[in-house]
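*Asks:* Structure provided below as structure tokens; questions to follow.
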Ligand code: CAA
């Protein structure tokens, strides 16, 4: 199960980051989006990150050009036909994901391994609807993908050991640190992180302290790189709420229930950095 060519489905925040690290590690990488507008936006995000890396002295101009050279974009599934590994990072919609796998399975080689970057859907449910449940798992990356070192490697009771080994080796080859986890809602990181973020919203809603002071307290008091509200704005309030809802649905524990303020901010379209406003404002930044 040697992985040489990688296909990435979706060129949003996560998909573009995954495609970037994959291409930077020397893999021929093909990223697929539904239309040219989304594709160009995603590829533009990659170029911008690499240019900033060059400006900061973190990436050489040669490495940037090699990464871009290893990367190609397409709006067709056919472009992914020779991929050994397919990483799906499209919207968190079960039906949409299943339709995508069905379309791809008609085209790709039999040996190709499929992984989903989902942070909330059940990997077993996704795997069971494909014709390759033994070559299907989860690879959960973290935002911002080029900077975050961790990848959760998720296996189901159907995943073949050889497939787990191949994707684990691939995560190391792209410079990430893998951890192994069984398919279970929210895996390791979100299982522990999400209740903490929800609690932060609850204590703020309860009037304990200001946003800024809660963020400062958790940064300086615990040595976290960001306070909970800065992190919520980075992750996206809609994403955080969605993961919380799935966790609540699964475990029925009140600590996973999204707090009223979070719900209302999502309803109001205050989703964080991506909309220019969340707990903080980012207009003009
Ligand atoms: N190219 C290359 N390197 C770059 C770069 C670029 N364009 N931009 C920044 N860097 C480098 C910086 O030079 C710096 O390197 P050094 O450490 O060697 O100095 C490093 O990356 C960090 O960058 P910054 O100094 O600009 O920023 P920072 O120190 O504030 O760190 C951060 C940024 C990595 C995002 C950090 O704040 C952090 O770890 N935050 C927490 C993020 C987090 O928890 N993410 C997980 C979210 S949960 C999730 O994603 C799961 C889900 O399912 C919802």
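*Asks:* So if each residue of separation counts as 0.36 nm, and I subtract the Cα-Cα distance between residue 82 and residue 96, what length gain in nm does that give?
*Replies:* 2.8 nm
*Asks:* Would you mind checking the tilt of helix 189-205 against the longest principal axis of the Cα atoms of the chain, expressed as 0 to 90 degrees and rounded to 10?
*Replies:* So the helix axis and the longest Cα principal axis differ by about 30 degrees.
*Asks:* Can you give the calculated 222 nm mean residue ellipticity of the chain, where each DSSP H run of n ≥ 4 adds -39,500 (n - 2.57) and the sum is split over every residue, rounded to the nearest 500 deg cm²/dmol?
*Replies:* -14500 deg cm²/dmol
*Asks:* Considering only DSSP beta bridges where both residues belong to the chain, give the percentage that are antiparallel (nearest 5).
*Replies:* Just about 15 percent of them are antiparallel.
*Asks:* So, one more: Measure off 7 Å from each Cα along the Cα-to-Cβ vector at residue 48 and residue 111, then give the distance between these two points in nanometres to one decimal.
*Replies:* With each label placed 7 Å out from Cα toward Cβ, I get 3.9 nm.
*Asks:* How large is Rg/Rh for the stretch 147-211, to two decimals, with Cα atoms and a Kirkwood Rh?
*Replies:* Expressed as Rg/Rh, it is 1.19.
*Asks:* Ok, one more. Label points 7 Å out from Cα along the Cβ direction at residue 202 and residue 161: separation in nm?
*Replies:* In this crude label model, residue 202 to residue 161 measures out at 4.2 nm.
*Asks:* Shifting gears a bit: Any idea what diffusion coefficient the stretch 27-86 gets from Stokes-Einstein, in µm²/s, Kirkwood Rh on alpha carbon pairs, 20 °C, 1.002 mPa s?
*Replies:* 172 µm²/s
*Asks:* For the stretch 190-274, what log10 I(q)/I(0) values come out of the Debye formula at q = 0.11, 0.14, 0.21 1/Å, with one point per alpha carbon and no solvent?
*Replies:* Ignoring solvent entirely, the Cα scatterers give -0.27, -0.44, -0.99.
*Asks:* Still on this structure, I have one more. Neighbour counts of other C-beta atoms within 10 Å: give me 4, 56 arranged from fewest to most.
*Replies:* Fewest-to-most ranking of 4, 56: 56, 4.
*Asks:* Relative to the longest principal axis of the chain, what angle (0 to 90°, nearest 10) does the C-alpha long axis of helix 36-55 take?
*Replies:* 80 degrees
*Asks:* Let me ask something additional. Quick one: pull the percentage of alpha-carbon pairs in the chain with a separation above 32 Å.
*Replies:* That tail contains 26 percent of the Cα-Cα pairs.
*Asks:* Let me ask another. Fewest Cβ neighbours within 10 Å first, please rank 161, 105, 125 accordingly.
*Replies:* 161, 125, 105
*Asks:* Before anything else, pin down the relative contact order of the chain: Cα pairs under 8 Å, at least 6 apart, normalised by residue count, whole percent.
*Replies:* 14 percent
*Asks:* Can you tell me the alpha carbon radius of gyration of the stretch 129-285 divided by the globular rule-of-thumb value 2.2 N^0.38 Å?
*Replies:* 1.17
*Asks:* Kindly state, to the nearest 0.05, the FRET efficiency for residue 36 paired with residue 60, given R0 = 35 Å and r defined as their beta-carbon distance.
*Replies:* 0.70
*Asks:* For 145, 154, 54, what ranking results if the residue with the fewest other Cβ atoms within 10 Å of its Cβ goes first?
*Replies:* By the 10 Å Cβ count, ascending: 54, 145, 154.
*Asks:* Given a Förster radius of 35 Å and the C-beta distance between residue 169 and residue 212 as r, what FRET efficiency does 1/(1 + (r/R0)^6) yield to the nearest 0.05?
*Replies:* 0.20
We did not get these values from a lab; they are worked out from the coordinates using the rules stated. Bear in mind the structure is a predicted one, so any value in this text is a computation, not a measurement. Using ideal geometry, Cβ is built from the backbone for each residue, glycine included, and neighbour counts are taken over all protein chains shown.
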